[in-house]
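Here is the structure we will look at.
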Amino acid sequence: MMRAELIFIPSPGVGHLASAVEFAKLLAGRDERISVSILIMKFPFDFNTGPLVQNLKKEAPERIAFVDIPDLDETTRIELMSLPRMSFFTSFIESQRPLVRDIVTTILKRSESGKLGGFVIDMFCASMIDVANEFNAPAYVFFTSGAAFLSLKFYIQNLKDKQSKEISDYKDSDADLSVPGFINPVPVKVLPSVMLTKEGSAFVIGVARRLREAKAILVNTVWEMEAYAIKALADDENTPLIHHVGPIINFTTGGVTTDKKKSEEDIVSWLDSQPPLSVVYLCFGSMGSFDREQVTEIAQALELSGQCFLWSLRRPSQEKEKMKPPTDYEDYNEVLPEGFLERTSRIGKVIGWAPQVTILSHPSVGGFVSHCGWNSTLESIWCGVPMATWPLSAEQQINAFQLVKELRIAVEIKMDYRKDHFTNEPTEVLTAHVIERGIRCVMDGKTEIRSRMKEMKDKCREATVKAGTSYTSLGQFIEPIIDNIR
Ligand code: UDP
C-alpha cells in the first residue's frame, strides 16, 4: 500500500507542539494511508520541552515518527542568543532550514512505499514554505489559534499593503477597528502587544504575507464557534483555503512527567471531595506567572470570595531568562502571604503545573480564571466551564475580547491586561477587589454565560463526530493528499 508522508514542523512551545502531535494522531487515525514525521526543533536554550516530547512520543501510534533536529553548532548558537527577541525567532527558524532539508531527504530515501504528501508547518514557521517549495510539495499551515485572530493578522497586513497604514501608529489610541473576522468593533487596546510596536508589526505582517502562500490553512477551530470569522476569511480572495478542524485537544499535557502522576492523583481526589461546580480553577498557561505583589492580591481575592479554589501558582523565570517558562515552587510559602495556606486549607489547594484537562473535566470545577491561551480556551469549551479572562501576552487579549464580547461565554476580569515578555512594558497590579468580583461572577450559577458555554460545548463535540463540520472539513483536506498517491 502506498502511503502519503506528511512532514510536520511544529514550533517548540507546549501549546504548539502538543496540538500538532494531536493533529498528527487525528490524521493518522483517520486514514491508514497517512504517515507522519514530526520534526522536533530545540531552542538554543533550555525550554524544558524534553519531558513533554518524551510523553508525546510514548502516546503516538506507529505511523507517527519523531525526528529530532540536531543541535546548532556553538558559533550559531552564540550568535542567535545575542539577537534581540524578534530577530532571534526569525533567525532561529532560518537556522533550522538546512537541517530540515537534510532530514526530509533522508526520510524520503528511506521510505520505500511513501510519497511526500506535503508539509504541515506551524503558524510561526511560515518561512519553511521555502523548503516545501524546494521539494515541490504542498505547504499547509497548522494555525494553533482561532480564525478571528487569523483574520486580524490578514487585516493588519492589508492595512499596510493596500492602504499604507501602520497598525503600530494606533498605539495608545482609543480607536475601534472594523476587523472582518469580528462582529463587534475591536478596540486597539486588545490587540497583541507585538502588533503595536514597529518592529513587532513588521514581523507579524511578514508572517501574514507568507501565510497567504500556503496551499491551505488548517485552523484549530470549530465552524459553529467561529463561522463569522471563517466566512470573512473565505471572502478575502487572497486567503488560502481554510479548513476548520478543531477542537484539537491534547488530553494528557498535564502528565508532562511521570513524577507529576502522583500529584495528579492527589488533585483528583481533592476535587472528588468538593461539591459539584464549587471550585474555581486558576491557571495562566505554560508561560504565565506573577511577582509577589500580584500573587498577594490573588490570594486576598480568594480569601475574600470564600470560594473553593484550585490555583496553579508558578515561579517566574529570572529577569535575564525571560523567554524561559516558569518553574514549580518547592514551598509556596516563599511567595504566598503568611498563614494563607493554613487559613484556606479547608477550601483551597495550591498546585504547580496542572493536569489541566483532567481538572476542567471534573464535575466539581465551576469556573476557570484563565490567561485565555487558545488551547486553554478550547479545553474550557470542550468541558463546558465558563471562563474569567485575565490575558497576559501573545494574542490572549484578543481571545479574551472574543470570549467576552463575541461569544459571551466568559466574564471579564480584565481584557487589556498585559504582561508581555516581548515589549517589557511595566505591568499593572490587579487589585484583590477586581479579581474577587471576577471570581464571584464566573461562579454565579445563574448567569447565561454558563448555559451558552454548555451549548458551545455540545456544538464543539458534535463537530468532531462523523458528518460533523470539523470531521467533514478534515476529510476535505485529506482527499487531495490521498488522490496524489494513487
Ligand atoms: N497546561 C497544563 N498545565 C499547566 C499549564 C498549561 O496542562 O499548568 C497546558 C494547557 O492545558 C494547554 C497548554 O498547556 O494545553 C497551554 O496552551 P495555551 O494555548 O492555553 O497557552 P500558552 O501556554 O501557549 O500560553
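The values are calculated or read from the model by the stated rules, or taken from the named source; none is laboratory data. What you see is a predicted model, and the numbers here were worked out from it, not measured in a lab. For neighbour counting, all protein chains shown are included, and Cβ atoms are generated from backbone atoms with ideal geometry for every residue, glycine included.
So which residues in the range 265-297 are away from the ligand (no atom under 16 Å from the Cβ) and polar (S, T, N, Q), if there are any at all?
Once the filter is applied, which keeps residues that are away from the ligand (no atom under 16 Å from the Cβ) and polar (S, T, N, Q), the range 265-297 yields Ser269, Ser273, Gln274, Ser278, Gln294, Thr296.
Output the residues belonging to the range 9-29 that are away from the ligand (no atom under 15 Å from the Cβ) and in contact (Cβ under 8 Å) with a residue 40 or more places away in the chain.
Ile9, Ala24, Leu26, Leu27 - these are the residues of the range 9-29 that are away from the ligand (no atom under 15 Å from the Cβ) and in contact (Cβ under 8 Å) with a residue 40 or more places away in the chain.
Search the range 376-394 for residues being at pLDDT 95 or above and more than 18 Å from Lys454 (Cα to Cα), and hand back the single one that is farthest from the chain's Cα centre (by Cα). Spell out the reasoning first.
Step one: filter the range 376-394 for residues at pLDDT 95 or above, giving 376-392.
With more than 18 Å from Lys454 (Cα to Cα) added as a condition, the list becomes 390-392.
Values: Trp390: 15, Pro391: 12, Leu392: 13 Å.
The extreme case among them is Trp390.
Go through (1) part of a loop (DSSP other than H, G, I, E, B); (2) farther than 13 Å from Ile156 by Cβ one by one and return the number of the condition Glu199 breaks.
The single condition Glu199 does not satisfy is (1).
Run down Ser361, Ser305, Ser278 and say which single residue is under 20 Å from the mean Cα position of the chain (by Cα), within 21 Å of Pro386 (Cβ to Cβ) and among the small types (Gly, Ala, Ser). Before you say what the answer is, go through the steps one by one.
On the way: Ser305 fails: under 20 Å from the mean Cα position of the chain (by Cα); Ser278 fails: under 20 Å from the mean Cα position of the chain (by Cα).
Exactly one of Ser361, Ser305, Ser278 is under 20 Å from the mean Cα position of the chain (by Cα), within 21 Å of Pro386 (Cβ to Cβ) and among the small types (Gly, Ala, Ser), namely Ser361.
So, restricting to strands (runs of 3 or more DSSP E) that lie completely within the range 305-408, which ones have at least 1 residues that are within 16 Å of the ligand (Cβ to nearest atom), in contact with a strand residue (DSSP E or B) (Cβ under 8 Å, 6 or more places away or on another chain) and more than 30 Å from Met195 (Cβ to Cβ)? Give the steps one after another, and end with the answer.
Details: elements: 308-312, 348-351, 365-370, 387-389.
Filter on the range 305-408 gives 308-312, 348-351, 365-370.
Can you tell me which of (1) away from the ligand (no atom under 16 Å from the Cβ); (2) closer than 25 Å to Glu134 by Cβ; (3) in contact with a Lys or Arg (Cβ under 7 Å, 6 or more places away or on another chain) is the one Ala60 doesn't meet?
Just one mismatch for Ala60, condition (2).
Keeping to the range 53-88, report how many residues are in a helix (DSSP H, G or I) and either among the hydroxyl-bearing types (Ser, Thr, Tyr) or within 23 Å of Ala24 (Cβ to Cβ) (or both). Spell out the reasoning first.
Just the residues of the range 53-88 that are in a helix (DSSP H, G or I), to begin with: 53-59, 74-81, 85-88.
Next, only the ones that are either among the hydroxyl-bearing types (Ser, Thr, Tyr) or within 23 Å of Ala24 (Cβ to Cβ) (or both) stay: 53-59, 75-76, 87.
Within the range 53-88, residues that are in a helix (DSSP H, G or I) and either among the hydroxyl-bearing types (Ser, Thr, Tyr) or within 23 Å of Ala24 (Cβ to Cβ) (or both) number 10.
State all residues of the range 204-222 that are under 21 Å from Ile481 (Cβ atoms) and not in a loop (DSSP other than H, G, I, E, B); if no residue qualifies, say none.
The initial filter retains those residues of the range 204-222 that are under 21 Å from Ile481 (Cβ atoms), namely 211-221.
Matches in the range 204-222: Leu211, Ala216, Ile217, Leu218, Val219.
Suppose we filter the range 208-237 for residues that are at pLDDT below 95 and within 21 Å of the chain's Cα centre (by Cα); how many remain?
Qualifying residue count, the range 208-237: 0.
(1) modelled with pLDDT under 95; (2) farther than 24 Å from Ile248 by Cβ: which one isn't true of Phe89, the others all being true?
All conditions pass for Phe89, except number (2).
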